[in-house]
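The values are calculated or read from the model by the stated rules, or taken from the named source; none is laboratory data. This one's a predicted model, so the numbers in the text were calculated from it and none came from an experiment. All Cβ positions, even for glycine, are placed from backbone atoms using ideal geometry, and neighbour counts span all protein chains on display. These accessible areas exclude ligands, DNA and RNA; they are computed on the full protein's heavy atoms, side chains included. Shrake-Rupley method; radii C 1.70, N 1.55, O 1.52, S 1.80 Å.
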Protein chains: 2
Amino acid sequence: MTNALASWNPGPARKAIEDFVARVTTPGEAGFVPEAERIAVFDNDGTLWSEQPAYFQLLFAMDRVRAMAADHPEWENQQPFKGVLEGDFEAVVKTGKAGLFELMMTTHSGMTTTEFEDIVQEWVSSARHPQLDRLYTDLVFQPMLEVLDYLRANGFKTFIVSGGGIEFMRPWVDEVYGIPREQVIGSTITVAFEIRDGAPVLVRLPEIDFIDDKEGKPIAIHKFIGRRPIAAFGNSDGDLQMLQWTAAGSGPSLVVLVHHTDADREWAYDRDSHIGRLDAALDEASEKNWLIVDMKRDWRTIYPAATR
Amino acid sequence: MTNALASWNPGPARKAIEDFVARVTTPGEAGFVPEAERIAVFDNDGTLWSEQPAYFQLLFAMDRVRAMAADHPEWENQQPFKGVLEGDFEAVVKTGKAGLFELMMTTHSGMTTTEFEDIVQEWVSSARHPQLDRLYTDLVFQPMLEVLDYLRANGFKTFIVSGGGIEFMRPWVDEVYGIPREQVIGSTITVAFEIRDGAPVLVRLPEIDFIDDKEGKPIAIHKFIGRRPIAAFGNSDGDLQMLQWTAAGSGPSLVVLVHHTDADREWAYDRDSHIGRLDAALDEASEKNWLIVDMKRDWRTIYPAATR
């Protein structure tokens, strides 16, 4: 047993991860995989950090609405903005997909990529989770940080493959997860190349380019990486196709679902949740003997120490 | 002067590359760039390998038509296939963009990604250039191979950013250029995720997903890498926006055009060429003092020794 996974309780989950790594890294063994092919992919929301009471990127969008409200007096009478400003989330939810789309596009477009990065950076370094009163980046899972380090120490290249926005993650994932920007895959909005005052800029448009969810995940993995992963970690039905794609490789694979079972230390939810719904993937994981991590049972610690 | 660039004649081009590398890699110097930010991007056709008498991927498509013709008797009377089968390239060219599109889609879609990779691999390891009678992968530029190695030895991460198909390049670029698959950016066709006989596959559809050319290059660099390169190498107007985007960084940058000036050892073409047209970018390079590599003057050798 390695000390690398110190926040994992001894048991089948920890053992399965350690056995897999031993198997693919031992030269001469049947399951040996050359370093260049040791690709591990990780969903972000609910897999590397929490996602309750809503995806953190949605909480970011709502914070942005509050920050931008002074320039938008019309929002006082206009949903979904009114609901955000009044803290009436039922009203926001009632606006449905169209309202959510407007909320996201209004807060995520209309600026250059450089300007957006500064906005994200500022938010990530100051905004605090409404219930847990921590920086969002302090709500990452300590056991998963250890898995990331452990895999990299064993020659793996670690990638994020998230339904969240690629540009919402890139400014901070290197510092928080040790994953460089070029190893982040996610949803994208369309950007346009423009020359402004003689200098080129990329402008974010209010238009979806690609949704990196469900079938989108293996498609994006193929497009960005061009290799099939040998390890994949997810936590919801949105990760199912990525897990199937990984499991279908010709060699050994480690296919993992993080199951949110700890209502005391984090949250407990699965089949009936609106966020991170885990239903079909849970059935398929049982059926195919993928590794199901039970947070309550398997994780000694949930979060790292708060940085401030 | 380093020996790393042995196929470069001593002179201003070689010196500019060496000086840039010294500048960004010397700790404490004003121009120092941390390793994680040493991103170098390379166009492929005409920059890393030749592109005459036509883009090699088009020659591949024509070879595929010949290979597939037995199953398509109707092609005997149908352009652009008829022209390919009869070696009548004027007839092919006459079919215009629509004909070219049909030629590419017919030969590049309708199979799984795995099947397509096998087809490319087989072609690359056996097809020979019609005039030079060499494997296409023996028509890469020796001086550029040295630049790739030299940059990597100095902590750079090297990426391809090509108008060519991402899946046409990935099977062989690691062996030929030392560039891993996940550092290849290019044009893509749409793929669909399907479950066939219980196993997931990605199927290539006859539909353009993204053209990685002109404005598409900085857009794709931003999407795939998420960092602005500090070095960029191109050879045509299709690379102009990538070069502008690189030059606009806040620190030092190396912005390079490979100018095809050697009709004896390779080809000579620029402003009037249908392939690799270099016109606006040549003007802008002169105006902004970007490095213009004169193949005839600057390169001692063009190609490496043929492998067979």
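Data table
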quantity	calculated
Accessible area per residue, Å², the range B:64-150 with all protein chains present, probe 1.4 Å	50 Å²
Cubic angstrom per residue, convex hull over Cα atoms of the protein assembly as shown	188 Å³
Spherically averaged projected area in nm², based on the convex hull that wraps the Cα atoms of the range A:238-304	5.3 nm²
Accessible area in square angstrom per residue, the range A:243-308, 1.4 angstrom probe	49 Å²
Interface residues, the range A:236-278 - accessible area loss of 50 Å² or more versus chain alone, probe 1.4 Å	A:TRP245
Portion, in percent, of the accessible area of the range B:236-289 that falls on carbon or sulfur, probe 1.4 Å	41 percent
For the range A:147-195, size of Cβ-based charge dipole, Lys and Arg +1, Asp and Glu -1, in debye	180 debye
Accessible area buried, both sides summed, chains B and A with 1.4 Å probe, Å²	3000 Å²
Ratio Rg/Rh [Cα only; Rh per Kirkwood] for the range B:167-269	1.07
Complex-versus-alone comparison for the range A:218-232, residues with a loss of 50 Å² or more in accessible area, probe 1.4 Å	A:ILE219, A:HIS222, A:LYS223, A:PHE224, A:ARG227
For A:GLY251, label point 7 Å along C-beta direction: distances to other copies, nm	3.4
Hits among lysines - C-alpha to C-alpha of A:LYS296 under 24 Å, sequence gap 8 or more where chains match	A:LYS15, A:LYS288
Size descriptor, Kirkwood hydrodynamic radius, that averages inverse alpha-carbon separations across chain A, Å	20.4 Å
Rounded to the nearest 20 debye, dipole of the protein assembly as shown from Cβ charges on Lys, Arg, Asp, Glu	1140 debye
Heavy-atom accessible area, 1.4 Å probe, ligands and nucleic acids excluded: residues of the range B:171-192 down by at least 30 Å² from chain alone	B:ARG181, B:GLU182, B:VAL191
Reach of B:LYS82 by Cα under 29 Å, taken over lysines that are not fewer than 8 positions away in the same chain	B:LYS94, B:LYS97
Per-selection Rg to Rh, the range B:107-203 - Cα, Kirkwood hydrodynamic radius	1.03
Phi to ³J(HN,Hα) by Karplus 6.51 cos²θ - 1.76 cosθ + 1.60 over the range B:238-246, Hz, x for Gly, Pro	x, 9, 4, 5, 5, 5, 4, 4, 5
Those lysines that a straight Cα-Cα span of less than 24 Å connects to B:LYS223, excepting residues fewer than 8 apart in one chain	A:LYS157, A:LYS214, A:LYS217, A:LYS223, B:LYS157, B:LYS214
Shortest-first nm distances, B:ALA69 label point to equivalent points in other copies (7 Å, Cα→Cβ)	7.2
If the convex hull is drawn through the Cα atoms of the range B:60-152, its volume per residue in Å³	144 Å³
Using a 7 Å Cα-to-Cβ projection, B:ALA6 label spacings across copies, nm, ascending	4.9
Alpha-carbon centroids, the range A:132-178 and the range B:251-308: separation in whole Å	42 Å
